[in-house]
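For reference, the structure is listed below as structure tokens.
What follows is calculated from the coordinates using simple rules that are stated; it is not laboratory data. The shown structure was predicted, so the numbers you read here are calculated from the model rather than taken from an experiment. All Cβ positions, glycine included, derive from the backbone under ideal geometry; neighbour counts span all protein chains shown.
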Amino acid sequence: MQTVDPAQFQKRIDRITRMFEKMIEHADEQSLVRCPYKNRFDQCTAQFGCRYRRPANQAGALPICTSDDKLDYRPAWEMDGATPVQVQKP
Amino acid sequence: MADINDIANESIRKEIEEFVERPEEKGEMIAVMARARPSMQDIGAAIIQGHHETVDKLTEAALAEGIDALEIMDDGLINGMGIVGIKFRDNFIFVPEVLACARAMKAGMKHIEPILSASGIEPVGRVIMGTVKGDLHDIGKNLCIMMLRGAGFEVFDLGVDTSADKFIDAVEEHGANVIGMSALLTTTMPNMGRTIEAFIDADLRDDVQFMVGGAPVTPEFADDMGADAYGETAVECVEVAKRLSVKK
């Protein structure tokens, strides 16, 4: 089996960490205006219910998010119960 | 100077042309991708698409071919995530897609881990993560996991609605000494304290360190419930986990 130089590996870890830190910062900023569970197709990936969620037009597809992102999305989230809604991984 | 047509993978060419808008970034991306061998470009393309099964197979095949693990990291996994980062920053993709890409990256790293072990490189720490019982909100936890894995931690994700028993079982199974609990709801937040109490009852409290976080959680609440540390953001979570890992 091949081996890797620990110092060289650490450089990659540092690079990945810097890259991910920027993504987290952006995710934090974005979460102020857009629900983080909403994907690029405006589908909902949450496992909990939300008032903005509508059934998908196609069987097996993710539900649709109808939020326009102009209002705070968080009050729409259903906060009771712990029965997961079945969603597919994006 | 490299040209976009020097990149063998069509999907990568399209990604750069369509989504990398800043000229200096486009030039840099073309240069690094064109330098990468085609099989590494394929890994990068699968990362960008969030296709974890493809990354899994391609990484395994690349290692079997004798390609250096660091080359796979640089030219496949990291290059791919580089484009993911640009697409996310410029709002072409969002958190769910980023998490799918991170999952794909993990699928590749899984094959590199045995090489790290053979090289004497151990994980920075072992962390068990879960959203507490009654709570189904997992984005914050998942972003923490992405950061932790990126920083070299081995993370065991228990998902959402995690009971105290599941946390206890996971500690016994994986031997991790740091537990990260997240909650988004004020109604489920007390389950963090209940989980800690369950560890006391099971006589396991001294074996683990608890870090907690989530929108309604405060340092004071964390302290009151007996947690060892509080992290406000996913970035902070890494430093907290490092500190706690050293403690045991």
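Summary table
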quantity: GluC sites (Glu not before Pro) within segment B:194-233: DSSP coil, no more than 16 neighbouring Cβ in 10 Å; calculated: B:Glu232
quantity: Residue order, fewest to most beta carbons within 10 Å, for B:Thr59, A:Thr3; calculated: A:Thr3, B:Thr59
quantity: Rotationally averaged projected area of segment B:194-241 (alpha carbon convex hull; nm²); calculated: 3.3
quantity: Sequence-distant residues sharing a close amide H with B:Tyr230 (under 5 Å, placed H); calculated: B:Val212
quantity: Loop-resident sites, segment B:61-167, for GluC sites (Glu not before Pro), counting at most 10 other Cβ within 10 Å (DSSP); calculated: B:Glu65
quantity: DSSP bridge orientation in chain B - percent antiparallel, rounded to nearest 5; calculated: 0
quantity: Shape call, segment B:133-248: gyration tensor on alpha carbons, a/c limit 1.5; calculated: rounded
quantity: Nearest-ten-degree value, helix B:95-118 long axis tilted from longest Cα axis of chain B; calculated: 90
quantity: Angle in degrees between helix B:52-64 and the longest Cα principal axis of chain B, rounded to the nearest 10; calculated: 70
quantity: Label-point gap, in nm, between B:Asp68 and B:Lys242 - each point 7 angstrom along Cα→Cβ; calculated: 2.6
quantity: Computed over chain B: relative contact order in percent, which uses C-alpha pairs under 8 Å that are six or more apart; calculated: 15
quantity: Part-to-part distance (alpha-carbon centres) for segment B:107-134 and segment B:157-176, which is given in Å; calculated: 15
quantity: Distance in nm between pseudo-label sites at A:Gln2 and B:Glu21 (7 Å out along the Cβ direction from Cα); calculated: 3.8
quantity: Cα→Cβ-extended label distance, 7 Å offset, between B:Thr218 and A:Arg15, nm; calculated: 4.3
quantity: Cα-based helix-to-principal-axis angle, B:234-247 vs chain B, degrees rounded to 10; calculated: 60
quantity: Partnerless cysteines, meaning none of the other Cys C-beta atoms lie under 4.7 Å away, in chain B; calculated: B:Cys101
quantity: Anchor B:Lys26: aspartates and glutamates whose Cα lies under 18 Å away (excluding residues fewer than 8 positions away in-chain); calculated: B:Asp3, B:Asp6, B:Glu10, B:Glu15, B:Glu17, B:Glu18, B:Asp74, B:Asp75, B:Asp90
quantity: Whole-Hz couplings from phi, Karplus 6.51/-1.76/1.60, listed for segment A:33-46; x for Gly and Pro; calculated: 10, 9, 4, x, 8, 8, 8, 5, 9, 6, 9, 8, 9, 5
quantity: DSSP-assigned coil residues among trypsin sites (Lys or Arg not before Pro) in segment A:10-57, each with at most 12 further Cβ atoms within 10 Å; calculated: A:Arg51
quantity: Expected 222 nm ellipticity per residue - DSSP helices of 4 or more, -39500 (n - 2.57), all of chain B, to 500; calculated: -17500 deg cm²/dmol
quantity: Pairwise FRET efficiency - B:Ile200 versus B:Ser11, Cβ, R0 = 41 Å, nearest 0.05; calculated: 0.20
